[in-house]
1. How long is the gain from Ile77 to Phe45 if the chain were fully straight, where each residue apart is worth 0.36 nm and the alpha carbon distance is subtracted?
2. Please say if region 18-89 is rounded, prolate or oblate, where rounded means a/c under 1.5 for a ≥ b ≥ c the square roots of the C-alpha gyration tensor eigenvalues, and otherwise the choice is prolate for a/b larger than b/c and oblate otherwise?
3. With a ≥ b ≥ c the root eigenvalues of the C-alpha gyration tensor of region 13-60, is it rounded (a/c under 1.5), prolate (a/b larger than b/c) or oblate?
4. Starting from the Cα of His19, step 7 Å along the direction of its Cβ; do the same at Asp58; then give the gap between the two resulting points in nm.
5. When the Karplus curve 6.51 cos²θ - 1.76 cosθ + 1.60 is applied with θ = phi - 60°, which whole-Hz ³J(HN,Hα) does each residue of region 34-40 get, with x for Gly and Pro?
6. Find, among the GluC sites (Glu not before Pro) in region 8-89, those assigned to loop by DSSP (not H, G, I, E, B) with at most 16 other beta-carbon atoms within 10 angstrom.
7. How much length would be gained if the chain were fully extended between Asp27 and Tyr65, taking 0.36 nm per residue of separation minus their Cα-Cα distance, in nm to one decimal?
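Just so it is clear, none of the values below were taken in a lab; they were calculated from the coordinates. Nothing here was measured: the structure is a model prediction, and the numbers come from that model. In this analysis, Cβ positions are derived from the backbone assuming ideal geometry, glycine residues included, and neighbour counts consider all displayed protein chains.
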Amino acid sequence: MRIHLKPIQLDETNKVPTHVQLLRTGDWSSEYEQFAITPEILAKFKKNFDGKVRGYGDGKLPIDYFHDAGGIAAGWIMALSIEAGGEEL
């Protein structure tokens, strides 16, 4: 499945949205491989985030620029939730 992603749109007050879909279930392909995202995988992402397995003690996960984990964060993931009957993270 190939989809076209849309950039996150700010509203008329230029506020950043409080909820953004990160992943959804489905069969996907990249230039490297084909893979599936299942409800179980989404649940594991949430469990790992809630368990702070990345070592971020404050519970926030940085959104970095250009995969530069040591750089300045473009934003922070504050919480994860499973939506749409387990189909969206």
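1. Details: separation 32, 0.36 × 32 = 11.52 nm, distance 1.25 nm.
Once the chain is fully extended between Ile77 and Phe45, it gains 10.3 nm.
2. Verdict is oblate for region 18-89.
3. Numbers: a/c = 2.21, a/b = 1.27, b/c = 1.74.
Oblate is the answer for region 13-60, as a/c is 1.5 or above yet b/c matches or exceeds a/b.
4. 2.5
5. Coupling constants for region 34-40: 9, 7, 10, 10, 10, x, 5 Hz.
6. Numbers: sites: Glu12, Glu31, Glu33, Glu40, Glu83, Glu87, Glu88; in loops: Glu12, Glu31, Glu33, Glu87.
Listed in order of number, the matching sites are Glu12, Glu31, Glu33, Glu87.
7. Working: separation 38, 0.36 × 38 = 13.68 nm, distance 2.67 nm.
My answer for the length gained is 11.0 nm.
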